[in-house]
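Derivation of every value follows stated rules applied to the coordinates shown; laboratory data play no part. In this text, all values refer to a predicted model and were calculated from it rather than measured experimentally. Please note: Cβ atoms are built from the backbone with ideal geometry, for glycine as well, and neighbour counts cover all protein chains shown.
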Amino acid sequence: MSGAAAIKRRATLVGATAVLMWGLLALLTTLTGRVPPFQLVAMSFAVATAMIAVKWLVRGERPGPFLRQPWGAWALGVGGLFGYHFFYFMALRNAPPVEAGLIAYLWPLLIVLFSALLPGERLRWWHVAGALAGLAGTVVLVTDGVGIGGFKAEYALGYAMAGACALTWSVYSVANRRFGAVPTDTVGGFCAATVVLAAVSHLMFETTLWPADWGQWLAALGLGLLPVGAAFFTWDYGTKHGDLQVLGALAYAAPLISTVLLIAFGKGEASLAVGLGCLLIIGGAVLASKEMFRKTREGRVGGTS
């Protein structure tokens, strides 16, 4: 395996850890109690900001060089992190959660498709087939195999918000490749800006409600450390240097992990639909990643010959 291929594979694996962490999002969110969504976003990103600040302090790094980046990078980063959450929660306010969630979860498929627009990228049939299988598995998981209630005109605003959510995150993830020279630590600045914007949204749309006990506080802390914290740093590195088609297909593992954890902690029930959804998502991820696995095997064979 060439040096460039090895770097791309490693970056893809690093980016995939974000998907693992996002699988914790639903469980940790349920454990925070009744904290309003935008308030929870502000709290979680505050933890993420503090986390990178501690890293800079411990390593004696000055934040200035990380934060002095092109305005385009700032617009993309803050727009991606805050825009995704803003549109998602607005979608949930204006449409049924199942339909809104499924529209919002078009972003992995859009990443696979949009990645073909990047220089040097080629979209193969297995990338699209794997992403579509993941989408189908997600539909089965979210609807428990019984289908959705049908799209209604009165929820058009919510559907539009969900579509904007999917478009925002997919464009951010693909366009992020353009700013490959921007260090991943800069995401800490994006997190800080998101705290401010989420706090403003909270004051505009919500009533403050703090966690009721230490368990809920710990869940909020866990959100900021992992799915709403470290995940955005590893995703940044993966989308800048890894295989976007593979990452897009692997992203459908997040609802799978989420469903399994909710069942394990007694907040969901196992069913045939869950099993089918898991098979579709896993199969789609393996199919989309087959070229990466093949190159890995070839590299091992070449290294032992």
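Miscellaneous remarks
- Label-point gap, in nm, between V98 and K55 - each point 7 angstrom along Cα→Cβ: 4.0
- Helix runs (DSSP H) in the chain reaching 30 Å along axis by Cα, Kyte-Doolittle at least -1.0: 37-59, 71-94
- Just checking the listed ones, A230, A264, A198: in the Gaussian network model of the chain with Cα springs under 10 Å, the one fluctuating most is A264.
- Taking every Cα-Cα distance in the chain and sorting them into 10 Å bins starting at zero, the pair-distance distribution P(r) comes out as 6, 26, 36, 24, 7, 1, 0 percent.
- Rh (Kirkwood; distinct C-alpha pairs) - the stretch 117-225, Å: 18.6
- For a modelled paramagnetic label at D213, 7 Å from Cα along Cα-to-Cβ, the residues of the stretch 17-48 in reach, with backbone nitrogen under 16 Å, are 30-35.
- Separation between Cα centres of the stretch 34-81 and the stretch 146-210, rounded to whole Å: 15
- For K240, the aspartates and glutamates whose Cα falls under 15 Å of its own Cα, not counting residues fewer than eight places away in the same chain, are E121, D185.
- 13 Å tail of the calculated P(r), the stretch 84-150, as % of Cα pairs: 68
- Note on K267 and A5: the extension gain reaches 90.2 nm, defined as 0.36 nm multiplied by sequence separation minus the Cα-Cα distance.
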